[in-house]
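Worksheet for the structure shown next.
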Amino acid sequence: MALCFGLVVNFGDDIEEAQAAALVDPVPWALRAGPHRIPLHRPMLRKVGRHVELSLLPEGVGWGCSMDGSIPRIQLGAAELTELAHQLYGLLRQFRGYLAAKVGWVPEELVDHDELRSEWSDQVKAGGLYGLVLCDELHAEFDPDADYEVFQPGYRWVPYRGEQPSDLPAGR
């Protein structure tokens, strides 16, 4: 089973904004994580069910990620993963037109609108999905009990709290 750490963004059916986001030039393409400079793989844009999804994955950070191929794995602790995540959220602030986004370990199901409604709605309403970014329309649809903060104009989130040692995949 592959475990990938990265940013996943749901653009709904807005392929133009997804393509524009895939072209954003992060300066530099290598992000910092402690003493490491970690490049990003090329943005991966794909159709998933009814939405267009963009994934940005740091090279060598996950386990068994097909994009890594023979790239050696970089062992990162919780503080280094947190530093990397904050930079990925910084890239997200350059995007427009998306519905939901999240940084973390295998965040794909947490940005899928149908999954959020069917599997995660209680946690969305309670504000328990730290780092989940929702567009204002999706935020209003869920009508959460928790106070979501402004992430950027048009988007709200429960702020990312960072990775904890207990969040790291066991035995890896």
### Message
Looking at Glu115, Glu163, can you tell me which residue is touching a helix residue (DSSP H, G or I) at 6+ places or on another chain (Cβ under 9 Å), modelled with pLDDT under 95 and not in a loop (DSSP other than H, G, I, E, B)?
### Response
Glu115
### Task
Scan segment 24-46 residue by residue and report those that are touching a residue at least 12 places away in the same chain (Cβ under 8 Å) and open to solvent by 90 Å² or more (accessible area, probe 1.4 Å).
Arg32
#### Entry: Any pair with Cβ under 6 angstrom, 6 or more apart, that starts in segment 66-85 at a residue that is touching a residue at least 12 places away in the same chain (Cβ under 8 Å) and ends at one that is in a helix (DSSP H, G or I) and open to solvent by 70 Å² or more (accessible area, probe 1.4 Å)
Ala78/Pro165
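The values are calculated or read from the model by the stated rules, or taken from the named source; none is laboratory data. Being a predicted model, the structure only gives us computed values, none of them experimental. Counting neighbours? That spans all protein chains shown, and the Cβs are built from the backbone with ideal geometry, glycine included. Remember, those area values only see protein heavy atoms, side chains included, never the ligands or the DNA or RNA. Shrake-Rupley method; radii C 1.70, N 1.55, O 1.52, S 1.80 Å.
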